[in-house]
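One structure below.
The values are calculated or read from the model by the stated rules, or taken from the named source; none is laboratory data. This one's a predicted model, so the numbers in the text were calculated from it and none came from an experiment. Positions of Cβ are backbone-derived with ideal geometry, glycine not excepted, and every protein chain shown enters the neighbour counts. All accessible areas refer to the heavy atoms of the entire protein, side chains included, with ligands and DNA or RNA removed. Shrake-Rupley method; radii C 1.70, N 1.55, O 1.52, S 1.80 Å.
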Amino acid sequence: MPIVKRLRERFPTIERVTAYARASSLYTKSLEDLERLRRSGVDRGHVGLETGSDALLRLHKKGISQKVLIESGKKVRKAGIELSYYVLLGLGGTDRWEEHMTETARVINETCPEFVRIRRLWIHPHTRLGGKIKNGTFTEQSPEGTVMELRLLVDGITVDGPHLTCDHANNYVSLHGTLLKDKQAMLDQIDEFLGLPEETRGRHYRAVASVI
């Protein structure tokens, strides 16, 4: 808080101060703590939602639950701090992608964040998840599967207000819009892409960089 206050004093034209935050850390803080942070000048928190599925949160050893995600998100909003969630396409592999997106949409609908930012999972071969792929206990999602995930997520968000954006180079489809106002337009954009010839879609998938 002293750092943020000092920034605000020395640079009065600063429009926004943003902090990255773990959902588990936010969960342990009281509403009063977060309100003090807001008064000190913290405007927005970026939180790695990644998935709302309890099963996948356990699988990937995230150390939190859907309950923690929802309650911490609601507390941030109540404190007057903008909430920006990062969703990670592909985290459920080919077996649990529907659960991954359905439960993630549930968290978004419960918390109504200002932003939903889309990322695509990139798996380093020497990580624990890379080992699961090698031994056959996790099947990596296909490029087209991640597009289907994105469609299911957009379709499942029913709360009004969040701005959804695919603001990273590794996304196969670049969506930007406000829910629910632009929901149908975003769904139409995905469907238009999926309606392209298979060869065209394949070239596009191969052209998109797999980067962190």
Report yes if residue 50 is at positive phi and open to solvent by 20 Å² or more (accessible area, probe 1.4 Å), otherwise no. yes
Determine the pairs where a residue that is within 15 Å of residue 77 (Cα to Cα) and modelled with pLDDT under 95, located within region 44-61, has a partner that is open to solvent by less than 20 Å² (accessible area, probe 1.4 Å) and assigned to a strand (DSSP E or B) with Cβ atoms under 9 Å apart, the partner being 6 or more residues away or on another chain. none
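So that you can scan it fast, the table gives a plain yes or no per residue for (1) surrounded by 16 or more Cβ atoms within 10 Å (Cβ to Cβ); (2) out of contact with any Phe, Trp or Tyr (no Cβ under 9 Å at 6 or more places or on another chain); (3) under 24 Å from residue 95 (Cα atoms); (4) of a type in the set (Val, Ile, Thr):
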| position | (1), (2), (3), (4) |
| --- | --- |
| 141 | yes, no, yes, no |
| 144 | no, no, yes, no |
| 147 | yes, no, yes, yes |
| 175 | yes, yes, no, no |
| 181 | no, yes, no, no |
| 189 | yes, yes, no, no |
| 196 | no, yes, no, no |
| 200 | no, yes, no, yes |
Quick count over region 160-212, residues being closer than 19 Å to residue 123 by Cα, touching a helix residue (DSSP H, G or I) at 6+ places or on another chain (Cβ under 9 Å) and polar (S, T, N, Q), is 1
Scope region 71-112; condition touching a strand residue (DSSP E or B) at 6+ places or on another chain (Cβ under 7 Å) and more than 17 Å from residue 31 (Cα to Cα); matching residues: 84, 85, 86, 87, 88, 89, 90, 91, 104, 107, 108
Residue in region 97-104 that is among the polar types (S, T, N, Q) and open to solvent by 10 Å² or more (accessible area, probe 1.4 Å) present: yes
Would you be able to tell me the number of residues in region 3-33 that are within 20 Å of residue 85 (Cα to Cα) and in a helix (DSSP H, G or I)? 7
Sole exception among (1) among the aliphatic types (A, V, I, L, M); (2) farther than 21 Å from residue 161 by Cβ; (3) open to solvent by 20 Å² or more (accessible area, probe 1.4 Å) for residue 70, by number: (2)
Is it fair to say residue 67 is modelled with pLDDT of 95 or more, out of contact with any helix residue (DSSP H, G or I) (no Cβ under 7 Å at 6 or more places or on another chain) and part of a helix (DSSP H, G or I)? yes
Are there any pairs, at least 6 apart or on different chains, whose C-beta atoms fall under 7 Å, with the first in region 2-21 and closer than 11 Å to residue 40 by Cα and the second acidic (Asp, Glu) and surrounded by 10 or more Cβ atoms within 10 Å (Cβ to Cβ), and if so, which? 17/43
Looking at (1) free of Cβ contacts under 8 Å to residues at least 60 places away in the same chain; (2) in contact with a strand residue (DSSP E or B) (Cβ under 9 Å, 6 or more places away or on another chain); (3) of a type outside the set (S, T, N, Q), which is the only condition residue 38 fails? (2)
Any residue in region 164-187 that's within 17 Å of residue 145 (Cα to Cα) and of a type in the set (Gly, Ala, Ser): show its pairings with residues that are outside any strand (DSSP E or B) and open to solvent by less than 40 Å² (accessible area, probe 1.4 Å) at Cβ separation under 7 Å, as long as the two are six or more apart or on different chains. 174/166
Against the condition open to solvent by 30 Å² or more (accessible area, probe 1.4 Å), modelled with pLDDT under 95 and either in contact with a Leu (Cβ under 7 Å, 6 or more places away or on another chain) or on the phi > 0 side of the Ramachandran plot (or both), how does residue 136 come out, does it pass? yes
